[in-house]
Amino acid sequence: MSEQREPVGVIGVGWVGLVTAACFAELGHPVVARDILAEKVEALSRGELTIHEPGLAELVQRNAERLTFTTDMSELLDAARLLFVCVDTPPTYSGDADLSRVRSVVEELPADSEHVLIMKSTVPAGTGESIRRDRPGLPYVSCPEFLKEGTAVADFMNPDRVVIGADAGDEGAGDAVARLYEPLGGAILRTDVASAEMIKLASNAFLATKISFINEIANVCEEVGADVGEVARGMGLDERIGSSFLRAGIGYGGSCFPKDVSALKMLAGNTGYHFQLLTAVIEVNELQKRRVVAKLQRHLGSLIDKRVALLGLAFKPDTDDMREASSLVLAARLQGEGAEVVAYDPVASKRAGELLSSVELVGSAVEALEGADAAVLVTEWGEFAELDWAAAAERMTRPLIVDGRNFLDPEALVKAGFEYEGIGQTVSAARPAAAS
Ligand code: UDX
């Protein structure tokens, strides 16, 4: 007979909520997940996923018996004591995090609630304290999410670390959350709530800083004839630096980095502290997307009526997430310069269509490249490495490619007949031998 595991409640079935719900169900917990969108709940109850995340559909289907989706808060409250809050906290016009959805969840809890509120949504440091002030007696734990889209299920099951923040009086609630994660074997860091909140923001801001740093190095490499790939490799071998998040490209996007960097900058600003470094991190990231336009102009001159193919639209591969994707800014900038933009993404086209109404979306990379004056690789989808680039070159008006993720093999591309430009690579080394 299998032992009955602690039931888990999940509030907000977006990307974080769904991964959390499905993974706890996989670990044997009965899970009730609640969302206010009836359409989403109905689709999930039929086993249809609303997002693309490798391995997630299988988990949802395999654990259907343990996983209940509902719009009804009381069903959730009856079923589980431990409630993970996974609602989104998008940036407001001021750059602060919008906590209105978090606040509504707290308001929905009955006054005498004995539930434990476990905050997974990314919130500014100080949020836990203010909720505890408003709702004294409600056990509160901060348990920030560090999952990466595209590998979220694997990240959940094999965490580097799980951070559990609980203040004095809520130690028991913290223990209950720790018990949920113990079977996964990662390091469990117990801390106070404010520190847990800061760990999340500081981690994402640091990773974003690493990316903007290597992007600036890439830009200097272009000026001095160095190769940023080699530079990053050499830097990464120093274990104090580490090799991850040193891939130069056209900037970071997604639901976390842009929002969290801005939220941390604003949080600091609201306390009177000017976080100068983050101002630069954000600015470098904005300019990095736009540098592609200048690269194309260097080859093509004016972009008026030039047909530019974007390969990939999602903010990174293995997801259909378009939030803060570099492709959005790039497409708008290219159109602003008078170019005609055609694009292909293996899974994000549907979502992209809602955001890029004037971009022609096609069903394959080959179709996008047909008759194009230039291509830009925006997202490093695996299938682009497998493409018959020599055949593609034949179909383009001008076989010119800007590899925005340094993903393709420059020599192979040049051999296939392309003029190739990466980010932070020496242009001359990548010119076709036969180019005049
Ligand atoms: C991130 C954090 O990594 C994760 O811990 C947090 O919980 C959510 O935010 P995610 O947004 O899924 O995860 O993607 P990530 O793989 O971190 O990449 C973010 C962006 O940075 C992508 O646009 C990616 O293309 C870019 N990136 C990443 C680089 O440009 N260079 C790199 O070296 C790494």
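Relative to the dominant Cα principal axis of the chain, helix 326-336 is inclined by about 40°. Annotation: lysines with alpha-carbon distance below 18 angstrom to residue 265 (same-chain offsets under eight excluded): 200, 210. In a simple Cβ point-charge model (Lys, Arg +1; Asp, Glu -1; nothing else charged), the range 28-68 has a dipole of about 140 debye relative to its Cα centre.
Measuring from centroid to centroid over Cα atoms, what is the spacing of the range 308-340 and the range 93-135 in Å? When both Cα centres are located, 34 Å separates them.
Loop by DSSP (not H, G, I, E, B), at most 10 other beta-carbon atoms within 10 Å: where is the longest site-free stretch of the chain for trypsin sites (Lys or Arg not before Pro)? Counting only loop sites that pass the neighbour cut-off, the longest clear stretch is 241-436. In summary, the aspartates and glutamates within cross-link reach of residue 120, defined as a Cα separation below 14 angstrom excluding same-chain residues under 8 places away, comprise 88, 145, 197, 260. Divide the volume of the convex hull around the Cα atoms of the range 1-91 by the residue count and you get 96 Å³ per residue.
With a ≥ b ≥ c taken as the square roots of the eigenvalues of the C-alpha gyration tensor of the range 297-402, please select rounded if a/c is under 1.5 and otherwise prolate if a/b is larger than b/c or oblate if it is not? Because a/c hits 1.5 or more and a/b fails to exceed b/c, the range 297-402 counts as oblate. For the peptides 383-390, 14-21, the ranking by packing is 14-21, 383-390, with the highest mean count of neighbouring Cβ atoms within 10 Å listed first.
Among the lysines, select those whose C-alpha is under 16 Å from the C-alpha of residue 295, and discard any that sit fewer than 8 residues away in the same chain. Partners within reach: 306.
A short reminder: the numbers here are calculations on the coordinates, not readings from a lab. Computed from a predicted structure; not experimentally measured. Every residue, glycine as well, gets a Cβ built from its backbone with ideal geometry; the counts of neighbours run over all protein chains shown.
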